[in-house]
Amino acid sequence: MVRLTAEQKKFYNDNGYIVVKNVISEKELSRLSEEYDKLFARKNQEKMESSWVGSDENDRKSDSTHTVKGIHNLQYHHAVFGKVLYNDALLDAVQDVMGTENIVLHHTKAHLKPPEKGAAYPMHQDYHYFPYEKDSMVAAFIHLDAASPENGGLFVFPGSHKLGPLEDVGAKEGNFHYVDQKKYPLEKATPVIADRGDVVIFSYLLVHGSSPNCSTRTRRMFLVQLAAAEDNPLGVQQMRPAQGLLLRGVNLQRDATISKRFEGVIQN
């Protein structure tokens with residue numbers, strides 16, 4: 001069990017993120033790492049680039065030699081990625097920051113930054129990709145490698161989640177979403193130093209990004225995006241595989257939907 005202390009909850013509420021240790025066991029972490037590497041090896045012949053390309057003059061490492069390898073919906077590739085979604089310690093911590101035990105999956109993804117040529121990501125809010133009515137959504141960023149500014153680690157603007165949705169500058173330029181990079185430059189952001197196995201849980205309103213990987217070390221991450229079962233997407237959004245899968249608690253909205261769907265149907 002990894003329940004957050006009162007101090008940790010306050011830190012999250014004040015800053016919009018928290019680094020949690022001892023969530024993933026060494027055995028589970030080793031299995032995740034093993035199957036992660038095998039999956040990326042299998043997919044290596046396919047186009048997996050996920051790096052941002054923008055018109056901003058501060059666009060670093062967006063040339064064709066720098067990249068981030070990305071795969072979505074890992075629970076469909078190997079069962080170990082599905083099992084970690086039900087990790088009690090992980091869900092305990094998520095429950096503490098979300099304030100509800102009713103937790104549903106939105107999606108999973110993996111980003112791998114190769115040594116010496118891992119691309120940076122601009123400062124952005126996940127909100128602009130999938131806004132929700134009650135802003136309950138959080139990300140659980142599982143580090144399969146130790147991360148620092150040198151190997152493309154996470155950077156955040158603490159407290160920025162309290163500002164609500166910011167201007168989506170990226171939408172004016174293409175399919176990527178990001179905030180004004182002059183107002184929120186990487187150089188002024190706070191680096192999140194993480195050990196292998198650490199999990200960073202952060203609000204989807206937190207302004208965050210990452211540096212390029214200029215080191216000789218790979219940076220691998222597995223990310224789980226989660227929301228409260230009682231929250232609803234805003235507007236028309238593309239459904240992701242397994243979106244809405246209930247990981248903990250109850251889903252009263254789904255109960256009502258299912259009941260209505262089966263009205264008049266004879267059930268044995």
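Some notes on this structure:
- Mean sequence separation of contacting Cα pairs (under 8 Å, at least six apart), scaled by the length of region 6-261, corresponds to a relative contact order of 30 percent.
- Net charge of neighbours whose Cβ lies under 12 Å from the Cβ of R196, counting Lys and Arg as +1 and Asp and Glu as -1: 0
- Taking packing as the residue-averaged number of other Cβ atoms within 10 angstrom, the listed peptides 140-152, 180-192, 233-245 run from highest to lowest as 140-152, 180-192, 233-245.
- Extension gain from I193 to E133, taking 0.36 nm per residue of separation minus the Cα-Cα distance: 18.5 nm
- Average Cα contact separation per residue, region 126-268, under 8 Å, 6 or more apart, as relative contact order %: 39 percent
- Computed [θ] at 222 nm, helices only, for the chain once each DSSP H run of length n ≥ 4 contributes -39500 (n - 2.57): -6000 deg cm²/dmol
- Anisotropy class assigned to region 6-261 is rounded, per the alpha carbon gyration tensor with a/c under the 1.5 cut-off.
- Only lysines eight or more places from K69 in sequence, or on another chain, were considered; those with a Cα closer than 22 Å are K38, K43, K47, K61, K109, K113, K117.
- Crossing angle, helix 88-98 versus the chain [Cα axis fit, 0-90 degrees, rounded to tens]: 90 degrees
- Listed residue (V156, V23, L74) projecting farthest to the positive dipole end of the chain, Cβ model: L74
- Taking 0.36 nm per residue of sequence separation and removing the Cα-Cα distance, the D14/E101 pair yields an extension gain of 29.2 nm.
- Shape of region 94-188, Cα gyration tensor, a/c cut at 1.5: oblate
- Label zone at A242 (point 7 Å along Cα-to-Cβ), backbone N below 16 Å, region 101-138: 103-111
- Each peptide in 201-211, 79-89, 93-103, 217-227 gets a packing score, the mean of other Cβ atoms within 10 Å over its residues, and the list from highest to lowest is 201-211, 217-227, 93-103, 79-89.
- The ranking of K38, K113, K9 from fewest to most other beta carbons within 10 Å of each one's beta carbon is K38, K9, K113.
Every number here is computed from the coordinates shown, using simple stated rules; none is lab data. Owing to the predicted nature of the structure, the values given are computational and were not obtained by experimental measurement. Every residue, glycine among them, receives a Cβ derived from its backbone with ideal geometry; neighbour counts consider all protein chains shown.
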